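The values are calculated or read from the model by the stated rules, or taken from the named source; none is laboratory data. Predicted, not measured: the structure shown is a model, and the values here were computed from it. Methodologically, a virtual Cβ is constructed for each residue, glycine included, from the backbone with ideal geometry; neighbour enumeration extends over all protein chains shown. Side chains are part of the model used for accessible areas, which takes the heavy atoms of the whole protein and leaves out ligands, DNA and RNA. Shrake-Rupley method; radii C 1.70, N 1.55, O 1.52, S 1.80 Å.
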Amino acid sequence: DIDDTRIRYADIIFIDINGVGLLLGFPNQGMGLCGALKKKYGDTKRIILYSGETEGSIFDKDAQKADATLKKDSDIYQFISYITDYAKELL
């Protein structure tokens, strides 16, 4: 539910592009969820899509709405870097 309390109060949201959002009816899964969240919340939230994929659906139009993309196998420092940078931006 994109109105869930955890979503409303989150500033930074990481979304896997596969297997996420299907129960909400997004056929393009996490990318559809990303698009819906950006439409509803705009720039008040930072959305980072992540995936093990290196090409293909990560270039979907809804994926383009994400603030960033990240490979699932990225090292922990890249995750921390996004959180740190976006937290500073949102404060």
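Full extension from K72 to D1: what is 0.36 nm times the residue separation minus their Cα-Cα distance, to one decimal in nm?
Length gained between K72 and D1: 23.2 nm.
How many angstrom lie between the C-alpha centres of the range 1-29 and the range 75-91?
When both Cα centres are located, 19 Å separates them.
Longest exposed-loop-site-free stretch of the chain, with trypsin sites (Lys or Arg not before Pro), DSSP loop and at most 15 other Cβ within 10 Å?
No qualifying site falls inside 1-60, the longest such stretch.
In whole percent, and with a 1.4 Å probe on the protein chains, what portion of the accessible area of the chain is carbon and sulfur?
That share works out to 53 percent.
Hey, what number do you get for the chain at 222 nm if only DSSP H runs of n ≥ 4 count, each worth -39500 (n - 2.57), divided across all residues, to the nearest 500?
Mean residue ellipticity, 222 nm, calculated: -10500 deg cm²/dmol.
Residue separation times 0.36 nm, minus the C-alpha to C-alpha distance between I80 and L23: what's the value?
This chain segment gains 17.6 nm when fully extended.
Just to confirm a number: summing +1 for Lys and Arg and -1 for Asp and Glu over residues other than T84 whose beta-carbon lies under 13 angstrom from that of T84, what do you get?
-1
Counting only heavy atoms of the protein chains, get the accessible area per residue of the chain (1.4 Å probe) and round it to a whole Å² value.
62
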